[in-house]
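Q: Handing you a structure now.
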Amino acid sequence: MKIIKEGDNGRAVCQDCGLVPITYRLKDIPFSDKSGLVKNVLAGVCDACERVVSVPRQSTPQIKSEYQKTRVPVESRVPAHFLDILSLASAKIREDLGHDFSRHLILYYLHGINSGHIKCPGIKGLLDSDIASAPASKRVSLKVSRNTEKEFSEVVHKVGLKNNSELIKGIILKINQDIVQPENPVRFKELKTLASAFG
């Protein structure tokens, strides 16, 4: 791998200026999800408009490390079969995905409930169902942005639950109800499209 130095020159495509000469300089680069930024990282800057247009591979570990610091854990203790539900739902949506889709599925439901796209007036009742009555011997842990952490709190309040742990359990039970149990899962086309984006 070629190591780029501050002040080195190159060429890259700028979305505003086209193919342009660039200079590698230390810049603050925002994360794509707008959850923060990494300061003073080496990046290729368009000589015409000053936009960051490329990031050398050598800067990736620093960006990744800083990005992980912006993540906060949201956790829940769940019965062991809840993880089976997530695996079955993931496999039903896309068996060839090759990696765990559970995190994305939980966040899809979180955003859907918050936006009103997914209706679940009976989520509290699901927590009292027979399938929920087992020892919580496993852990579900999600690393999320501060914005998503805030969204968890909003949805907990919106649906009348006590905490994030109850919400994660309720979402998994809703996934079981919508995806695992029916022959024709709810929102199947939409979920297959979403899964394709990660495969």
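Q: List every residue whose amide H lies under 5 Å from the amide H of SER54, counting only residues 5 or more places away in sequence or on a different chain, with H placed 1.01 Å from N in the peptide plane.
A: GLY44
Q: Does segment 72-196 come out rounded, prolate or oblate by the C-alpha gyration tensor, with a ≥ b ≥ c the root eigenvalues, rounded set by a/c under 1.5 and, if not, prolate when a/b is larger than b/c and oblate if not?
A: Cα axes put segment 72-196 in the rounded bin.
Q: Just want the ordering: CYS49, CYS17, from fewest to most Cβ atoms lying within 10 Å of their own Cβ.
A: On the way: CYS49 12, CYS17 15.
Ascending Cβ contact count within 10 Å gives the list CYS49, CYS17.
Q: Could you name the aspartates and glutamates in cross-link range of LYS138, using Cα to Cα under 16 Å and dropping any fewer than eight places away on the same chain?
A: Excluding near neighbours in sequence, the set is GLU75, ASP84, GLU166.
Q: Tell me, what ³J(HN,Hα) does each residue in segment 126-138 have, in order and in whole Hz, if you take phi through Karplus 6.51 cos²θ - 1.76 cosθ + 1.60 with θ = phi - 60° and put x for Gly and Pro?
A: 4, 5, 9, 6, 4, 5, 8, 8, 8, x, 7, 9, 10
Q: Gap in Å between the Cα centre of segment 1-20 and the Cα centre of segment 101-154?
A: Cα centroid of segment 101-154 versus Cα centroid of segment 1-20: 43 Å apart.
Q: Show the residues, 5+ positions off or on another chain, whose built amide H is closer than 5 Å to the amide H of VAL38.
A: Residues meeting the criterion, in which the H sits 1.01 Å from N, are ILE29, PHE31.
Q: Next question. Dipole magnitude of the chain about its Cα centre, charges +1 at Lys/Arg Cβ and -1 at Asp/Glu Cβ only, in debye to the nearest 20?
A: Dipole magnitude for the chain comes out near 320 debye.
Q: If you don't mind, there's one more thing I want to ask. Kirkwood hydrodynamic radius, segment 9-69, all distinct C-alpha pairs: what's the number in Å?
A: Mean inverse Cα-Cα distance, inverted, gives 11.9 Å.
Q: Now for a different question. What trypsin sites (Lys or Arg not before Pro) in segment 149-185 are in a loop by DSSP, with at most 12 other Cβ atoms within 10 Å of the Cβ?
A: LYS162
Q: Separate question: Taking H as built 1.01 Å from N, whose amide H comes closer than 5 Å to the amide H of CYS14, not counting residues under 5 places away?
A: LEU19, VAL20
Just so you know, all these numbers are worked out from the coordinates, no wet-lab data involved. Fair warning: this is a prediction, and the values are worked out from it, not measured in the lab. Ideal geometry is used to build each Cβ from the backbone, glycine not excepted, and the neighbour counts take in all protein chains shown.
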